[in-house]
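The structure appears below as structure tokens.
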Amino acid sequence: MSLARLSIKGISYSQTQNGAYALLLSDMDSDRQLPIVIGAFEAQSIAIALEKEIKPPRPLTHDLFKTFADRFQILVKQVIIHKLVDGIFYSSLICERDGVEETVDARTSDAIALALRFDAPIFTYKNILDKAGIFLSDKNQDTDIYSSDNIQNAGDVEQKEKTSSFKSEFSQMTTKKLNELLEKAVNDEDYERAAKIRDEISKRS
């Protein structure tokens, strides 16, 4: 079966599923998007890997795995989302050590968090995209790609009003204040808030 390479479009909080987040993957060869519901810890871990300037005071589980793998010369070459059953995605890590390749079963959220740390590509089979992929118009992508109208399979996600209010809170603060809040958020291990503060600081650079 033919594979399609995916990129990470973003993460948003789900209001209908307590503690859950919507991870949106994008097919690099088409306009199709693949929404996946993930847990809060995995969402934070993925957000930190995407926001490379944020360094947690202690290593997260996926960072520890990366350090362990590096120490024993294990390379994660790629991630394949290979199965979809009853709304649950199944993934595999394709690993290599001393020229020997092994396939390791993994939750999709963990696999993607590790793929980011190893700079490994993420793939899925095109039949999975055909089954679970959605199309987002350019207009929707420019406004709110996580609106419930766009991601039916991922559940309702953060409302525009809430997002706008959150952004305006930071937009009114000085850069010095934002840096202080960023340091506090990282020390408190509130990485979702830290990523949003970092976005506001980056816009001013």
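Can we say residue 181 is in a strand (DSSP E or B), modelled with pLDDT of 85 or more and aliphatic (A, V, I, L, M)?
No, not satisfied.
Hey, which of the helices (runs of 4 or more DSSP H) in the stretch 1-119, taking only ones fully inside, have at least 2 residues that are β-branched (Val, Ile, Thr) and in contact (Cβ under 8 Å) with a residue 24 or more places away in the chain?
Passing ranges, in order: 40-50, 108-118.
What is the number of the single condition among (1) open to solvent by less than 50 Å² (accessible area, probe 1.4 Å); (2) under 28 Å from residue 184 (Cα atoms); (3) among the acidic types (Asp, Glu) that residue 27 does not meet?
Among (1) open to solvent by less than 50 Å² (accessible area, probe 1.4 Å); (2) under 28 Å from residue 184 (Cα atoms); (3) among the acidic types (Asp, Glu), residue 27 violates only (2).
Which members of the stretch 43-55 meet the condition of being open to solvent by 30 Å² or more (accessible area, probe 1.4 Å) and closer than 18 Å to residue 179 by Cα? Steps first, please.
Of the residues in the stretch 43-55, the ones open to solvent by 30 Å² or more (accessible area, probe 1.4 Å) are 44, 50-53, 55.
Scanning the stretch 43-55 gives 51, 52, 53, 55.
The values are calculated or read from the model by the stated rules, or taken from the named source; none is laboratory data. Given the structure is predicted, the values throughout are model-derived calculations rather than measurements. Cβ atoms come from the backbone with ideal geometry, glycine included; neighbour counts cover every protein chain shown. Just so you know, the surface numbers come from the protein's heavy atoms only, side chains and all, with ligands and any DNA or RNA stripped out. Shrake-Rupley method; radii C 1.70, N 1.55, O 1.52, S 1.80 Å.
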